[in-house]
């Protein structure tokens, strides 16, 4: 499996890019002498015009490079945690629906459809606005709007795995149904879930930045979306303020997608890509 | 930058007969932001509504940039020597936009019936009024119970808009169907409102001033994004950016364009002054030393130069320097982090968290809060920003759920109208974000505020207000930040747009476009 | 099941879903801090308790929560979306004024993304492994990874400000007095940038999906049989593969209608497009509950409509599918 993954050039590029972003995020305090909020120089310094401030300064004279590094922490954190929360909602729901079928399936799927009918970004906006923008509320809002595809995917996978011979064998061996679900069925659905999760992290990062763009970012946490939201009004006079965080988002999302595709090819060589919904 | 030229124009327009002959015709596209909730000015008086409806509705007076009253619906007026009787003589032959004649009865109905019910700010001034009568069709008399110095400033269009009696008498004002198609006496008539896009006003052909207005039509354009508004101005889609419609950072770039003028004038009546409410009731902000420390910790000049791009002026106290009765004989709080640290050490500040509530009005205010948070954390105050939208801000301030909260208020030309409401104990009441939200109580000063409001002689009032300012600045009930200046940006071929103390709000009456 | 019964059963489900959405959102909004009466009073520039009390009474906010909820659900059942006190107009009217703009934007973006996505996906799959395939897939990945609003800002900068080819915002030229065809052309010109920026992201999604699906189907036995029968490559692709490969794409497109409508909020903000997305965003800050709820209901109905349409398309493409698909 690793062999197949590592021979995929795109996926390896993705891994290198992502590792670089993670590295910068982890070591931000070591690399940069000042926090992203400190006003260190005169505002609107262009990139490469002054030593120590390679990416210039923002509207208040704060170090853009430092903001970018600290922003990586927040963007990655929101992406990861919200994906985890979405999995925590979607996986059990989809597994129960797919495994037990009948009214459980019907109920769970109606519930899922219900959430897919509400325009998800609009719901996220409302959730963040009324619970006030903090990292926690943003993360939860993103999770709430992104779990339905997980539930659908897991349900479909569980339904197909359920019919396989080893499940029948386990049943004949006298294992209880919950036990079969947990030990026999679910482990066989892990790989498509991993693929989907890697793509969801990417989507979550995009969502967070969109919310920030509309002014719904956490003002105490520097994120890439927050930077773009703050810079969009000066886009004509200070392009670098929105350009660099924009590129950072593109690179990270791209890396995650490349990895996701690589994983998909490596883990499920025969599986359809239907799961990417 | 063409500020100089713009200012020259202003002076020419205000004090001398215009030299160039005004040209009739043409249209003006003005940005309005955000979209007003309604145009019936008797019901809604927020900024965007006044900007648009200021062309539709009028009041008895207008005010020049020195805040001196000028004729509007009233041609002339007298105030009795005891300051109790205000007599207004109305213009002849004024008609409502639907053709009905305008009379003194409309004024009495508006002030005494309609606005008493709908207009909270005017209601406070009307409390001094004994009676409003119309001896004949063109005369209105306001009889006061006791002298009220600032009363002559209450006849501005947003403060006392005159509404048509024949449409509103005996109806439920808020749900009257005519609110959607407002009828006023002003120089422009309502034509069409395409929600989310634009409001179209057309010339009032029957306007009572000969030859006015010069413009054929005015479009108020709704463009929700600040960057898009700047683009709209650059590409020539709009001609006028009223103060505050683009972020400050864009102002130098736009005004540097060819054929673009700007002026800071037209805000004298409002004289917006910004400050942070500091919760006087509880937490570290209840200690006067902490409040003084906040004043010393803030680099207010940095904010003025960087966040506001040099527009405005660092505030010295509660009264704006552009209004009457300002005094600079007060304690000055210069940027002094060491002094702030000393004060904090003296009071024994133990690092309690302090929540800053920014004003949710765009990037400028967000950056401002970030700068203040940084300043405060540099002297050791554990500050963080509470994020919220307009509704949340209203709720938190009016329910006193904050430590430091940004705000700015209009002064309405007189301390008794726009300043004292934020400092006297009688104005402490939950539920409103426009009164003494900080909870400052000083009975001695309360008496002085009341006495100053009732003085007839301007010199006595000036002395009284100087004394009040000196005392209150030492108490620092709020952290005064800055006298705000919102430059109006417009194409230089638009003439005579800003000629009054409320600027673009009633500017289109006299404005014209040079071909 | 016939298409009629399918539509009927879908309509019933849709009705239940919409009602549930009304209740859920009503509860959500009323849990929010921020009192609409205080906001409205605040906007007037001065507020006293008398005014706030008056407003509360007028909004019905002085009544217990369950009464308010009951009243709202009752009026929704009679197709009455209530009254917006902030805007002083019935919500249905406010939405009706703005809905055409949103429908035009989202439908155009939907069609563009689906048609272009499938076309490029097919093109890429036909040249799999070649340079043009890599180029298309890379481009799609880039569109996919670029934040929507960022692309929108850049598009305005380039095409509107620098090149001056297209208007950068708005729905039509204000006050130009165009009618008929001239007006349609004017609106179309304004539509280009917003519809493209909204559509590009989804185009990328559909293209990747189509490509993958095409490749997958082409491995199936019946395709091999067709090849063995000696049919030409393009003929097989058209007649056999595309038809089967397109099904999952159509399903996905239906499922993503919700995202498309949600994405319109961002697009409408950047391009000053007078649609319901912006109406909702602006009403949110004013806690104009009735308007927000109305927009939610109408946009959910739009999503359902998109779903029903894709469902019908699905059936037309593949008549074998039963109602349980």
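Of note:
- Against the test of being away from chain C (no Cβ under 14 Å), surrounded by 22 or more Cβ atoms within 10 Å (Cβ to Cβ) and assigned to a helix (DSSP H, G or I), the options B:140, B:107, B:113 yield a single qualifying residue, B:107.
- Flag for residue A:236 being surrounded by fewer than 19 Cβ atoms within 10 Å (Cβ to Cβ) and in a loop (DSSP other than H, G, I, E, B): yes
- Of the residues in segment C:107-129, not one is assigned to a helix (DSSP H, G or I) and within 14 Å of chain B (Cβ to nearest Cβ).
- Matching option when the condition is more than 28 Å from residue A:233 (Cα to Cα) and either at pLDDT 85 or above or buried (at least 18 other Cβ atoms within 10 Å of the Cβ) (or both), among A:31, A:24: A:31
Results for (1) crowded, with 16+ Cβ neighbours inside 10 Å; (2) over 30 Å from residue C:72 (Cα atoms); (3) in contact with a helix residue (DSSP H, G or I) (Cβ under 6 Å, 6 or more places away or on another chain); (4) not assigned by the TED database to the domain that holds residue C:156, shown as yes or no for each residue.
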{"residue": "C:212", "(1), (2), (3), (4)": "yes, yes, yes, no"}
{"residue": "C:220", "(1), (2), (3), (4)": "no, yes, no, no"}
{"residue": "C:268", "(1), (2), (3), (4)": "yes, no, yes, no"}
{"residue": "C:277", "(1), (2), (3), (4)": "yes, no, yes, no"}
{"residue": "C:284", "(1), (2), (3), (4)": "yes, no, yes, no"}
{"residue": "C:311", "(1), (2), (3), (4)": "yes, yes, no, no"}
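- Qualifying positions in segment B:184-195 - touching a helix residue (DSSP H, G or I) at 6+ places or on another chain (Cβ under 6 Å) and either buried (at least 24 other Cβ atoms within 10 Å of the Cβ) or away from every other protein chain (no Cβ under 14 Å) (or both): B:187
- Residue in segment B:22-34 that is surrounded by 20 or more Cβ atoms within 10 Å (Cβ to Cβ) and part of a loop (DSSP other than H, G, I, E, B) present: yes
- Any hit, segment C:287-308, residues being at the interface with chain B (Cβ under 8 Å from one of its Cβ atoms), modelled with pLDDT under 85 and surrounded by fewer than 24 Cβ atoms within 10 Å (Cβ to Cβ): no
- Residue that is farthest from the other protein chains (Cβ to nearest Cβ) [pool: residues in segment C:70-103 that are more than 30 Å from residue C:51 (Cβ to Cβ) and part of a helix (DSSP H, G or I)]: C:77
Residue-by-condition table, conditions (1) within 8 Å of another protein chain (Cβ to nearest Cβ); (2) crowded, with 24+ Cβ neighbours inside 10 Å; (3) touching a strand residue (DSSP E or B) at 6+ places or on another chain (Cβ under 7 Å):
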residue	(1), (2), (3)
A:208	no, yes, no
A:215	yes, no, no
A:219	yes, no, yes
A:224	no, yes, no
A:232	yes, no, no
A:243	no, no, no
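- Taken over segment B:330-365, the criterion of being within 14 Å of chain A (Cβ to nearest Cβ), in contact with a helix residue (DSSP H, G or I) (Cβ under 7 Å, 6 or more places away or on another chain) and in a helix (DSSP H, G or I) is satisfied by B:337, B:363, B:364.
- Search result, residues across segment A:116-130 that are surrounded by fewer than 22 Cβ atoms within 10 Å (Cβ to Cβ) and more than 8 Å from chain C (Cβ to nearest Cβ): none
- Once segment A:246-259 is narrowed to residues that are within 9 Å of chain C (Cβ to nearest Cβ) and within 18 Å of residue C:155 (Cβ to Cβ), the residue that is surrounded by the most Cβ atoms within 10 Å (Cβ to Cβ) is A:249.
- Qualifying residue in segment B:125-132 (condition: assigned to a helix (DSSP H, G or I) and either in the same structural domain as residue B:455 (by the TED database) or modelled with pLDDT under 95 (or both)): yes
A quick yes/no check of all residues on (1) more than 27 Å from residue B:70 (Cβ to Cβ); (2) in contact (Cβ under 8 Å) with a residue 24 or more places away in the chain; (3) in a loop (DSSP other than H, G, I, E, B):
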residue: B:156; (1), (2), (3): no, yes, yes
residue: B:166; (1), (2), (3): yes, yes, no
residue: B:174; (1), (2), (3): yes, yes, no
residue: B:183; (1), (2), (3): no, yes, yes
residue: B:200; (1), (2), (3): yes, no, no
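- Residue list for segment A:1-35, restricted to those being closer than 25 Å to residue A:222 by Cβ and not in a helix (DSSP H, G or I): A:27, A:32, A:33, A:34, A:35
- Residues of segment A:112-132 that are farther than 20 Å from residue A:83 by Cβ and either in a helix (DSSP H, G or I) or touching a residue at least 40 places away in the same chain (Cβ under 8 Å) (or both): A:113, A:114, A:117, A:122, A:126, A:129, A:130.
- When C:210, C:267 are checked against the criterion of being more than 30 Å from residue A:127 (Cα to Cα), within 11 Å of another protein chain (Cβ to nearest Cβ), part of a helix (DSSP H, G or I) and in contact (Cβ under 8 Å) with a residue 60 or more places away in the chain, C:210 stands alone in meeting it.
- Against the criterion of being more than 11 Å from every other protein chain (Cβ to nearest Cβ), under 30 Å from residue C:72 (Cβ atoms) and modelled with pLDDT under 80, residue C:321 does not qualify.
- Scanning segment B:224-243 for residues that are farther than 16 Å from residue B:497 by Cβ and assigned to a loop (DSSP other than H, G, I, E, B) turns up B:224, B:225, B:235, B:236, B:237.
This table checks each residue for (1) surrounded by fewer than 21 Cβ atoms within 10 Å (Cβ to Cβ); (2) modelled with pLDDT under 90; (3) facing chain A (nearest Cβ under 10 Å).
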position	(1), (2), (3)
B:227	no, yes, yes
B:234	yes, yes, yes
B:241	no, no, no
B:256	yes, no, no
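- Condition broken by residue B:178, with the remaining ones in (1) within 30 Å of residue B:113 (Cα to Cα); (2) assigned to a loop (DSSP other than H, G, I, E, B); (3) modelled with pLDDT under 95; (4) within 14 Å of chain C (Cβ to nearest Cβ) satisfied: (2)
- Residue match in segment B:451-460 (condition: within 14 Å of another protein chain (Cβ to nearest Cβ) and out of contact with any helix residue (DSSP H, G or I) (no Cβ under 6 Å at 6 or more places or on another chain)): no
- Filtering segment C:66-95 to residues that are more than 21 Å from residue C:287 (Cβ to Cβ) and touching a helix residue (DSSP H, G or I) at 6+ places or on another chain (Cβ under 9 Å) leaves C:77, C:79.
- Only one entry of A:172, A:182, A:135 meets the criterion of being without any contact (Cβ under 8 Å) to a residue 40 or more places away in the chain, surrounded by fewer than 19 Cβ atoms within 10 Å (Cβ to Cβ) and farther than 21 Å from residue A:95 by Cβ, and that entry is A:172.
- Members of segment B:461-481 that are over 16 Å from residue B:418 (Cα atoms) and in a strand (DSSP E or B): B:479, B:481
The values are calculated or read from the model by the stated rules, or taken from the named source; none is laboratory data. Note that the structure is predicted; figures quoted are calculated from it, not measured. All Cβ positions, even for glycine, are placed from backbone atoms using ideal geometry, and neighbour counts span all protein chains on display.
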